[in-house]
1. Can you compute 3J(HN,Hα) from phi for each residue in region 101-110, using the Karplus curve 6.51 cos²θ - 1.76 cosθ + 1.60 with θ = phi - 60°, rounded to whole Hz and x for Gly and Pro?
2. Taking all pairs of different Cα atoms in region 345-477, averaging 1/r and flipping that mean, what Kirkwood radius in angstroms comes out?
3. May I ask for the net charge around R469, where only other residues with Cβ less than 12 Å from the Cβ of R469 are counted and Lys, Arg are +1 while Asp, Glu are -1?
4. How big is the equivalent ellipsoid of region 652-783 along its three axes, where each semi-axis is √(5λ) from the Cα gyration tensor, reported in whole Å from largest to smallest?
5. ³J(HN,Hα) across region 248-265 via Karplus (A = 6.51, B = -1.76, C = 1.60, θ = phi - 60°), whole Hz, x for Gly/Pro?
6. Could you provide, to the nearest whole Å², the per residue accessible area of region 413-489 with probe 1.4 Å?
7. What is the sum of charges, Lys and Arg at +1 and Asp and Glu at -1, for the other residues whose Cβ falls under 11 Å from the Cβ of N703?
8. For G246, what residues show an amide H to amide H distance below 5 Å, using hydrogens built from the backbone and excluding near sequence neighbours?
Amino acid sequence: MGCLEMEKKALLEFKNGLVDPARRFSSWFDGDCCAWEGVRCNNKTGHVIVIALQNTNNSRQGSLGGNISHSLVQLGHVVYLDLSLNDFQGICVPGFIGSMKRLSHLNLGRAGFAGTVPWQLGELTNLRYLSLSSTVSSNGQDSLKVDDLQWLSRLSSLEHLELDNVNMPSVGETWVKVLNEFRSLSYVSLSSCSLENIPPYLPSLKFPSLVSLDISNNYFSSTIPKWLFNVTSLVHLMLGGNWFHGTVPEVVGQLTNLSTLSLSNNSLGGPVPVSLMHLVSLQTLYLNDNQFNGSVPSSLGQLSKLVLLDIETNFLQGDLSEIHFSNLRHMKRLMSRQNSLVLKFPTWIRTQKNLVYLNLTNAGISDVIPDWFGEVTSNLGGLRLAHNLIYGRVPKSMKLPMRAKVDLKSNQLEGTFPFSSFNFGLLDLSDNRFSGPIPQSIGKAARYLQYLSLSGNFFNGSIPVSIGRLQRLMVLDLSRNQLTGNIPTSLGNCSNLKVLDLDSNDLSGEIPMSFSHLTNLQTMHLSNNSLSGEVPSLISCRNLLMLNLGENELSGNIPTWLGESLSSLIVLRLRSNNFSGSIPPQLSYLTSLQILDLADNNLSGPIPPSFNNFTSMAEIDKINRDLHFHAVVYGAGNYYEENVLLVTKGMGLKYTRTLSLVTAMDISGNNLSGEVPESLMTLSGLRVLNLSGNYLAGNIPKNIGSLSTMESLDISNNRLFGDIPPSIADLYHLVGLNVSNNNLSGMIPLVRQLQTLTDPSIYTGNPFLCGFPLQKSCEEETPTIQPDVDEDEGGEEFWFYANIGCGFVTGIMGLFTVLSIRKRWMDVYLQFLDEIIDEVTAIGKLIYVKVFGGR
């Protein structure tokens, strides 16, 4: 049978309430509604029984949105409703869904719903599958929440329950008591639900069918309850990301059916339980990010089905190479970094023929790479040996398959470039002792290379021109080497390049004009080289966040297109070059700018008052955003750590992980003139301000105290005059101050924060400044220093007062001239004066008599 007309109308009304950007309802018009996309009907009755409209794309672009129509209740025979992975932008879950009594499968997971889960869902007594897993909706509203679980207890047929990211901080321990009553429940996922309580004892343990339990990423702060390890039907147990402490009970060995055990990211300590050897079905074991100590039990070698073992970031000791892992025939991933393990390269690895991923990062390995290691690496898709003490040369026998990810950074490896084949997806050799030239043919053979970092070595010679052939390359980091010559123009052909770091070499010549083709570029570091000429146009590089051209020999004016075209810039660093002319006011268009460093150039003219448009410098409460570039290379990730060198309090500090919190303006060491703009005082989020070494004059702005987050302020070596404003003491975060070598006068306002800055050198060079910490007291009156005036200003002042004097003399002379001509007027005027004098004398005598009584 075809679909029923009444149900067809209900479906169309349901469709009309939804937003469908991907036109998934294109078939929902005429004809049999049972043939519409996402709709299935009962073949005998024609009733709609399935509505499956989950978003199957990997992005939100094809998500359904809008409102869910009440017409759904007219589809009373529906047993399966799936609207998951859409984006309903924070609307509530409709309570009327509880009227669809025949539902056995309801999936509204990760669909952008918010608000309280309606109690009416407890009416769905036939429900076997329920997913309400939540996410934060695209408009920023909160995720779903549950105040009590009474409604859930009525779903007696439930087999599968997902409530991930549904906030339930007020349910206490009732979540365990409710779930313990379900006879058929096999899957429970309550990850990231803000749960705080788990009962230490459970008198009547049931859970007869529970196979998978995920209560990770909550706020449990007790020891792990032993009753959990009595649920012997468990196959998957995830307890990671909580605050569990104490030791792991040895009864964990009772879970002989367990395939996955995650205890990661807790505060568990003591030794790793020996009873883990009884988990004969275990394939995945996460013990990372805890406080386990002692040695790794050799009995783990008996877990013959183990595929992944993660013991990273603990306090484990001993020599892991002595553990007999030869039985681990299926081992694919081993991660043991950040422990106190002292390792040689474990010989048992040699037997792992199925190993496809090996991570021994920060594992304490102090050894050379053995020749037999090539037998293991020939099948490895990922090899990470970073942050160890591995020394010597990379053996020539070490071959890796195509597109392999190889990370050997931060060791003591030496020799020339270690590989003759370049078919890697990722290659990181940074911070070792490699030397010699980079192979000129690297770009001809490395056609799959997406991430190349050779920084912090002793590579010399020129940058290979063939690198321009690496069309997939996203990250190129050759910084901190001894490379010479010009930058190849062919690098402009790397159209996917997002990070280019050539910092701290000895490169010369001009910046290639071909860089304008790097339209995906986000980060460019060319600092600390010998580059010359003017900055070529980068107008097309509109995705740039970081532009660092400091410490070179670049010249010309600062380009106006920097402000007009690169609106996403967060860091602009041009210090220590030969730039001249004025600071272009167009830079103030960079509203996202957090660091502006133009120090040590030949810039002149005033500071643009429009700099108050740097709105990111005015934000006080900043969130530490991740500015590091994360390159996903063939399914695996590697970070390029963004960094910038900032001079504060006379010292160069490199900022990395907190870079997004830094706000700084350094325009010191130039020839700037005029006054300090009052508009700068609106940048209340500014942490570092350096205006020293210029020709700035005038007073320090009185409202300088409004720079409430200021940590370092340097206005030394200028021509500023007048008092130090009292509001400067309101800079409660100030730890660095320098006002020396100006013409400041008056008493130092040594109150509040300034009481902590007692170094007299920060005030010296101001002859008329007094008070502690200077030795000059303020007992004698200190003159206020006025600015020197040039000849033009002095001439204007002279003629102003000369005109006033002439006007006064002319007036007096005119009066007496008239009186001398008209004698009768003279007599009247003098008689008037006599009468005035007589009146004043009489009043004086009267006052005297009243006061002194005639004496």
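1. 3J(HN,Hα) across region 101-110, in whole Hz: 5, 7, 4, 10, 9, 10, 10, 10, x, 6.
2. Working: mean 1/r = 0.0668 Å⁻¹.
Answer for region 345-477: a Kirkwood hydrodynamic radius of 15.0 Å.
3. Working: positive: K444, R447, R472; negative: none.
Net charge in that neighbourhood comes out at +3.
4. On the way: eigenvalues 120, 57, 37 Å².
Calculated on Cα positions only, the semi-axes equal 25, 17, 14 Å.
5. Using θ = phi - 60°, the values come out as 7, x, 5, 5, 4, x, 6, 7, 6, 8, 5, 9, 10, 9, 10, 10, 5, 6 Hz.
6. Numbers: 2680 Å² over 77 residues.
Roughly 35 Å² per residue, with all protein chains present.
7. Details: positive: K702; negative: E678, D730.
Net of charged neighbours comes to -1.
8. So G246 has HN proximity to G269.
The values are calculated or read from the model by the stated rules, or taken from the named source; none is laboratory data. What you see is a predicted model, and the numbers here were worked out from it, not measured in a lab. A quick note on method: Cβ atoms are made from the backbone with ideal geometry, for glycine too, and the neighbour counts reach across all protein chains shown. Side chains are part of the model used for accessible areas, which takes the heavy atoms of the whole protein and leaves out ligands, DNA and RNA. Shrake-Rupley method; radii C 1.70, N 1.55, O 1.52, S 1.80 Å.
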